[in-house]
Ligand code: PAF
């Protein structure tokens, strides 16, 4: 049964006013930041957020600051009405959808009083990072999580984590949540956000939620919609080879080079192009050569023009080694 329609707030002042009013009534706020085109992974985040807070805010904002000029911002899928309906179908629904037009538009006011009246302009198309920087809106402040942002997705997407860390910081400052939910499919992103919350003393509990998969094992992603039926079949090689690697590790094959080769070969043979296949420590995200402590096997691979990421945590009990 559908719940009531969430309130849609587009203005950041209004958003903050709402949150402060609710908090002054003693309510706790759970926050699920998204870029829209919601799938079961997002819905799971909202469901879990209900276990941790009284009220739920979902943001829908495709952040230009995390795309480089060559990336897929202009083709990023969207379906705002469909998203609202999906949110209304969740038991308990959501209270607010925060849907700002442009979080980098500060208007003419450079005085720093944060009295930003949104002009409501939308940043479109390629060249978006420079568009943010050269927009005339004066945005020049970026949040960087210096070590965790390096390597893996940070290697092939050099502006990605600075864009994510910056927009999440902005969203946290606007929504002022008690709890924020992130999917562990974006493992490096989740660790980056955890670290920025700790290092910048945000009073927010960050919760990482398990990967949600289709029945055939493909991790849910808004980008899956761009896969042809053939590419979708090929993409199954990611999860299948990660599972094989985990089983091999559990049987004592703890040499990471061999495990990386296993996964790389399986994806290539299926028709994909591996961007990276790394086995890293779960917290520091530093590459390891042999599995002796909890690790996560992270993969990014291209199928045609679609880049997918996935990962698998591997925790061997001492007795297994
Ligand atoms: O994971 C995402 O959808 C985005 O990176 C996020 C966290 C909403 C920031 O734009």
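We did not get these values from a lab; they are worked out from the coordinates using the rules stated. Keep in mind the model is a prediction, meaning the values are calculated, not measured. Backbone-built Cβ (ideal geometry, glycine too); neighbour counts: all protein chains shown.
Data overview
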| quantity | calculated |
| --- | --- |
| Ascending count of other beta-carbon atoms within 10 Å, so fewest first, for 166, 264, 10 | 10, 264, 166 |
| Cα-based shape type of the stretch 186-321, given that a ≥ b ≥ c are square roots of the gyration tensor eigenvalues and the cut on a/c is 1.5 | oblate |
| Between 0 and 90°, nearest 10: helix 229-250 axis offset from the chain longest Cα axis | 60 |
| Linear extension gain, residue 250 paired with residue 17, 0.36 nm per residue minus alpha-carbon span | 78.8 nm |
| With Cα atoms, 0 to 90° folded angle of helix 40-50 axis to the chain main axis | 60 |
| Mean Cβ count within 10 Å, highest first, over the residues of peptides 58-68, 36-46, 195-205 | 58-68, 36-46, 195-205 |
| Distance between modelled label sites at residue 289 and residue 210, nm, 7 Å Cα→Cβ extension | 3.4 |
| Nitroxide proxy distance, nm - points 7 Å out along Cα→Cβ at residue 4 and residue 236 | 4.5 |
| MRE, 222 nm, helices only [DSSP H, n ≥ 4, -39500 (n - 2.57), over the chain, to nearest 500] | -10500 deg cm²/dmol |
| Residues 15, 152, 88, 22 arranged by fewest to most Cβ contacts within 10 Å | 88, 22, 15, 152 |
| Taking 99, 253 and counting other C-beta atoms within 10 Å, the order from fewest to most | 253, 99 |
| Tilt relative to the chain, helix 256-270 - C-alpha long axis, 0 to 90 degrees, to 10 | 80 |
